[in-house]
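Presented below is the structure to which this report refers.
The values are calculated or read from the model by the stated rules, or taken from the named source; none is laboratory data. Everything numeric here is computed off the predicted structure, so don't read it as measured data. Positions of Cβ are backbone-derived with ideal geometry, glycine not excepted, and every protein chain shown enters the neighbour counts.
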Amino acid sequence: MLGPLVIGAFCCTEDQLEALRATGVRDSKQLSARLREEVYALLPGLGECRSISLPPRTVDRYVDRGGLNELELDSFAALVKAFEPDVAFVDACDPDAERFGRRLAQLAGDGVRIVSRHKADRDFPVVSAASIVAKVRRDSALSELARVAGECIGSGYPSDPETQECVERHARDGGRVPAWMRRSWETVQRVKREHPARTLDRFET
């Protein structure tokens, strides 16, 4: 609900894959924050890390027109083009993983074989590394956001009670939410519906 959408990528040569596995790399959700940071610190020695950070207002614009998948596809394609790999393994952002792969291949251009799978961050070490890049960089962005905002905002995810409280504080009066909050997210919209803006006539006697 809060902060940027971060898409991570990691590129290495095939002969580096065993060394990559030896770092303990895995789906970032399966690692503690400390272990993610430790593995992340090792990645530059094995390949190249990149990411794209999409601010909330950009995410909102795409969600408003039902095109979040389009935003993710464009971002994936930009990262693939930046690396120019022989093969790109991707965690599909579409219920139909093969369709996602076909569409990405069209955007990425000739010469790249796309392997598109659900739960690719669990099954392919190179995608696990990409998920760690995204998670560590997003966590860093949230920490900076909390510092600048001067308040506790939590992890930014809907399941986090601190994030829920933050959204309640800013959205309950029905007014404009901060630029770092994803107003298009259903949870934010629900809070705004449940706590509409107060008007002067409500206090007339």
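Tally the residues that are within 22 Å of residue 12 (Cα to Cα), small (Gly, Ala, Ser) and either surrounded by 16 or more Cβ atoms within 10 Å (Cβ to Cβ) or in contact with a Gly (Cβ under 8 Å, 6 or more places away or on another chain) (or both), restricting the search to the range 79-106. Step through it out loud before you land on a result.
Taking the range 79-106 first, the residues within 22 Å of residue 12 (Cα to Cα) are 79-92, 101, 104-105.
Narrowing further to those that are small (Gly, Ala, Ser): 82, 88, 92, 101, 105.
In the following step, the residues that additionally are either surrounded by 16 or more Cβ atoms within 10 Å (Cβ to Cβ) or in contact with a Gly (Cβ under 8 Å, 6 or more places away or on another chain) (or both) were identified as 88, 92, 101, 105.
Residues in the range 79-106 being within 22 Å of residue 12 (Cα to Cα), small (Gly, Ala, Ser) and either surrounded by 16 or more Cβ atoms within 10 Å (Cβ to Cβ) or in contact with a Gly (Cβ under 8 Å, 6 or more places away or on another chain) (or both): 4 in total.
What is the one condition in (1) modelled with pLDDT under 95; (2) of a type in the set (Val, Ile, Thr); (3) touching a helix residue (DSSP H, G or I) at 6+ places or on another chain (Cβ under 7 Å) that residue 132 does not satisfy?
Unmet for residue 132, out of (1) modelled with pLDDT under 95; (2) of a type in the set (Val, Ile, Thr); (3) touching a helix residue (DSSP H, G or I) at 6+ places or on another chain (Cβ under 7 Å): (1).
Determine whether the range 61-68 contains at least one residue that is modelled with pLDDT of 95 or more and buried (at least 17 other Cβ atoms within 10 Å of the Cβ). Walk me through it before giving the result.
Here is the first cut: in the range 61-68, the residues modelled with pLDDT of 95 or more are none.
No, the conditions are met nowhere in the range 61-68.
Can you work out which of the residues in the range 116-125 that are touching a helix residue (DSSP H, G or I) at 6+ places or on another chain (Cβ under 7 Å) and either in a strand (DSSP E or B) or of a type outside the set (D, E, K, R) (or both) is nearest to residue 95 (Cα to Cα)?
Quick first cut of the range 116-125, residues touching a helix residue (DSSP H, G or I) at 6+ places or on another chain (Cβ under 7 Å) only: 116-118, 120-121, 125.
Then keep just the ones that are either in a strand (DSSP E or B) or of a type outside the set (D, E, K, R) (or both); that gives 116-118, 120, 125.
On the way: 116: 11, 117: 10, 118: 8, 120: 13, 125: 22 Å.
For the range 116-125, the residue satisfying everything is 118.
Of 50, 21, which residue is assigned by TED's automatic domain parsing to the domain that holds residue 102, surrounded by fewer than 20 Cβ atoms within 10 Å (Cβ to Cβ), over 14 Å from the mean Cα position of the chain (by Cα) and charged (D, E, K, R)?
Details: 50 fails: over 14 Å from the mean Cα position of the chain (by Cα).
Criteria check complete, one pass: 21.
Restricting attention to the range 170-188, and to residues there that are surrounded by 13 or more Cβ atoms within 10 Å (Cβ to Cβ) and either modelled with pLDDT under 80 or assigned to a helix (DSSP H, G or I) (or both), which single residue is nearest to the chain's Cα centre (by Cα)? Spell out how you get there, then give the answer.
Quick first cut of the range 170-188, residues surrounded by 13 or more Cβ atoms within 10 Å (Cβ to Cβ) only: 170-174, 177-178, 180-185, 187-188.
Okay, now just the ones that are also either modelled with pLDDT under 80 or assigned to a helix (DSSP H, G or I) (or both), so 170-174, 185, 187-188.
Values: 170: 22, 171: 22, 172: 26, 173: 28, 174: 27, 185: 14, 187: 17, 188: 17 Å.
Applying the filter and picking the extreme gives 185.
If I ask for residues that are farther than 18 Å from residue 3 by Cβ and of a type in the set (Lys, Arg), which ones from the range 22-66 would you list?
Residues satisfying the conditions are 26, 34, 50, 65.
For residue 36, are the conditions met, namely being surrounded by 17 or more Cβ atoms within 10 Å (Cβ to Cβ) and basic (Lys, Arg)? Quick ask: steps written out before the conclusion?
Details: surrounded by 17 or more Cβ atoms within 10 Å (Cβ to Cβ): yes; basic (Lys, Arg): yes.
Considered against the rule, which asks whether it is surrounded by 17 or more Cβ atoms within 10 Å (Cβ to Cβ) and basic (Lys, Arg), residue 36 comes out as yes.
Only one residue in 44, 56 is in contact with a Phe, Trp or Tyr (Cβ under 7 Å, 6 or more places away or on another chain) and either under 28 Å from residue 178 (Cα atoms) or exposed (fewer than 15 other Cβ atoms within 10 Å of the Cβ) (or both). Which one? Steps first, answer last, please.
Values: 44 fails: in contact with a Phe, Trp or Tyr (Cβ under 7 Å, 6 or more places away or on another chain).
Exactly one of 44, 56 is in contact with a Phe, Trp or Tyr (Cβ under 7 Å, 6 or more places away or on another chain) and either under 28 Å from residue 178 (Cα atoms) or exposed (fewer than 15 other Cβ atoms within 10 Å of the Cβ) (or both), namely 56.
Can you tell me which residue is modelled with the lowest pLDDT among those in the range 24-33 that are of a type in the set (A, V, I, L, M) and buried (at least 17 other Cβ atoms within 10 Å of the Cβ)? Quick ask: steps written out before the conclusion?
Within the range 24-33, the first condition is being of a type in the set (A, V, I, L, M), and the residues that meet it are 25, 31, 33.
Going one step further and asking which of them are buried (at least 17 other Cβ atoms within 10 Å of the Cβ), we end up with 25, 31.
Values: 25: 94, 31: 91.
Here the answer is 31.
Here is a list: 115, 133. Which entry is surrounded by 13 or more Cβ atoms within 10 Å (Cβ to Cβ), in contact with a Lys or Arg (Cβ under 8 Å, 6 or more places away or on another chain) and within 23 Å of residue 27 (Cβ to Cβ)? I'd like the intermediate steps shown before the answer.
Numbers: 115 fails: in contact with a Lys or Arg (Cβ under 8 Å, 6 or more places away or on another chain).
Residue meeting the stated conditions: 133.
In the set 80, 6, which member is closer than 18 Å to residue 138 by Cα and hydrophobic (A, V, I, L, M, F, W, C)? Break it down into steps so the answer makes sense when it comes.
On the way: 80 fails: closer than 18 Å to residue 138 by Cα.
Answer to the selection: 6.
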